[in-house]
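Data block below; observations after.
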Amino acid sequence: MSPIAKKPGGAAARDPDRTRRRILDAALKEFSARGFSGARVSGIARRAKVNKRMLYHYFGDKEGLFRAVLRHKISERRNRVEAQIAENDPVSSMPLWFRQNCQDTDWVRLLAWESLQTANNSVLDEKERRRLSRQTAARIKQNQAAGRLRDDVPAAYLQLAKVSLSMFPVALPQLARIITGRPPHDPKFQREYVRFLETISKAFRP
């Protein structure tokens, strides 16, 4: 019998969406702290204040939970930034993506752990992640065709530049501090780096 069936009047039974969100938030913290390999379902359950059986009820297993975290965060982050982009231009949005990465360091650490712990070229939920990446590349191509972005550079590399420039200081804060003298969480660093991104993004235009 599932925990929900055992406690029909409990909080989980009354608000399953809130419980799922609490589990996802706890899983992001655990995965970002320990990576997929090091994360423990028991640790996620403790963070979410649920028992393991409830976690399995909602997500099946640790891999299913990791996949759910990825999809939730990718969707959340994309919606948050694209709502602020008038022309839906993925390259000019670099400052927005950088600010978001500064506020979402758990996500950046999760990706760093994934890179360290992936033994081959395949990652979890890669098919879906490739699909989303192709959507971004398609929008870049549309902007290239409309003359808003230079068309002598492959769209995939413009996309890679956007991701790299907006994420690098947060992913490797020690190098950012050594090179610039300021850590990425320093407000002055963030202001100056945003100005840098605004300037360099002009190089991607005709």
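The values are calculated or read from the model by the stated rules, or taken from the named source; none is laboratory data. Computed from a prediction, not measured in an experiment: that's the story for all the values here. Here the Cβ is made from the backbone with ideal geometry for all residues, glycine too, and neighbour counts use every protein chain on show.
For this structure, a couple of remarks:
- Among (1) free of Cβ contacts under 8 Å to residues at least 24 places away in the same chain; (2) part of a helix (DSSP H, G or I), the one test that V123 misses: (2)
- Every residue from region 103-119 that is in contact with a helix residue (DSSP H, G or I) (Cβ under 6 Å, 6 or more places away or on another chain) and within 26 Å of K202 (Cα to Cα): V108
- Counted residues, region 15-36 - those being hydroxyl-bearing (S, T, Y), over 12 Å from F66 (Cβ atoms) and touching a residue at least 60 places away in the same chain (Cβ under 8 Å): 0
- Residue match in region 139-147 (condition: in contact with a helix residue (DSSP H, G or I) (Cβ under 7 Å, 6 or more places away or on another chain), over 17 Å from R78 (Cα atoms) and in contact (Cβ under 8 Å) with a residue 24 or more places away in the chain): no
- Residue satisfying condition, being among the aliphatic types (A, V, I, L, M) and at pLDDT 90 or above, within set V50, V91: V50
- Beta carbons closer than 8 Å, at least 6 apart along the sequence or on distinct chains, pair a first residue in region 51-74 that is without any contact (Cβ under 8 Å) to a residue 60 or more places away in the chain with a second that is of a type in the set (K, R) for Y58/R20; L70/R129; I74/R129.
- Residue identified as of a type outside the set (S, T, Y), in a helix (DSSP H, G or I) and at pLDDT 90 or above among R22, R71, R77: R22
- Yes/no for L110 being surrounded by 11 or more Cβ atoms within 10 Å (Cβ to Cβ), under 30 Å from E30 (Cβ atoms) and of a type in the set (A, V, I, L, M, F, W, C): yes
- Test: R150 is surrounded by 14 or more Cβ atoms within 10 Å (Cβ to Cβ), part of a loop (DSSP other than H, G, I, E, B) and either of a type in the set (S, T, Y) or in contact (Cβ under 8 Å) with a residue 12 or more places away in the chain (or both): yes
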